[in-house]
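**Q** Just passing along the structure, written as C-alpha cells.
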Amino acid sequence: MKDRDATLIAQLRLRVRDLDRARAFYVPLLETIGYTLTSTGEDFFCVHELHVSAGAEASANVHLKFTCDNPALVRIFHETALVHGGRCNGAPACRPFRRKAFSACVLDPDGISLEVVYRPPGSAEKKALKPLTLFQESLH
C-alpha cells in the first residue's frame, strides 16, 4: 500500500449547536498541540482536517483522540479545555491499560468526547497515526 504520510482521515466534520462558542473552544484547544485555524466562513471553521459547522443538533456518539509530543501538553490541553467551556471526562493520568500512555479526556461544550494522548518513545503500543494531517494525491 502506498504510504500516505500515515494519514487515515482527510476530513472530519463535526456539527455543533453554537459555532461561535465552538470556535472559542476548539481554536485555543488545538493550538496547544500545534494546530491553528486554517479556514473560516460564516457557517464553518476548519482546524486542518477538522471541519466544524453549526446545526440544530450537535454530532452525537463521537470520540476524537489527538496525539501530542510530551506529557506537559496533555496537561495544558486539559486545562485549556476547562478554561474554554469544556468539562473534565478524565483528568491527566498514566493509563496502564493503554501501555504507559499518558492521556486526558474532556467533553466539548456540546458533549463531544475529546482525548489527547502522549505515548513515550519505545512504548509497546502501536505507533499512532499523525493527528490531523492532510493527504493529498494527484488525480493525474
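Just so it is clear, none of the values below were taken in a lab; they were calculated from the coordinates. Fair warning: this is a prediction, and the values are worked out from it, not measured in the lab. In this analysis, Cβ positions are derived from the backbone assuming ideal geometry, glycine residues included, and neighbour counts consider all displayed protein chains.
**Q** So which of A72, A58, A24 ends up being out of contact with any Phe, Trp or Tyr (no Cβ under 6 Å at 6 or more places or on another chain), surrounded by 15 or more Cβ atoms within 10 Å (Cβ to Cβ) and at negative phi?
**A** A58
**Q** Tell me which of these H84 doesn't satisfy, since it passes every other one: (1) in contact with a Gly (Cβ under 7 Å, 6 or more places away or on another chain); (2) closer than 16 Å to I33 by Cα.
**A** The single condition H84 does not satisfy is (1).
**Q** Take segment 31-55 and flag every residue that is surrounded by fewer than 18 Cβ atoms within 10 Å (Cβ to Cβ) and among the acidic types (D, E).
**A** E31, E42, D43
**Q** How many of the residues in segment 86-122 are without any contact (Cβ under 8 Å) to a residue 24 or more places away in the chain, assigned to a loop (DSSP other than H, G, I, E, B) and surrounded by 19 or more Cβ atoms within 10 Å (Cβ to Cβ)?
**A** Total meeting the criteria: 0.
**Q** Where in segment 1-79 are the strands (runs of 3 or more DSSP E), entirely inside, with at least 3 residues that are touching a residue at least 12 places away in the same chain (Cβ under 8 Å) and either out of contact with any Leu (no Cβ under 8 Å at 6 or more places or on another chain) or within 30 Å of P121 (Cβ to Cβ) (or both)?
**A** 12-16, 63-67
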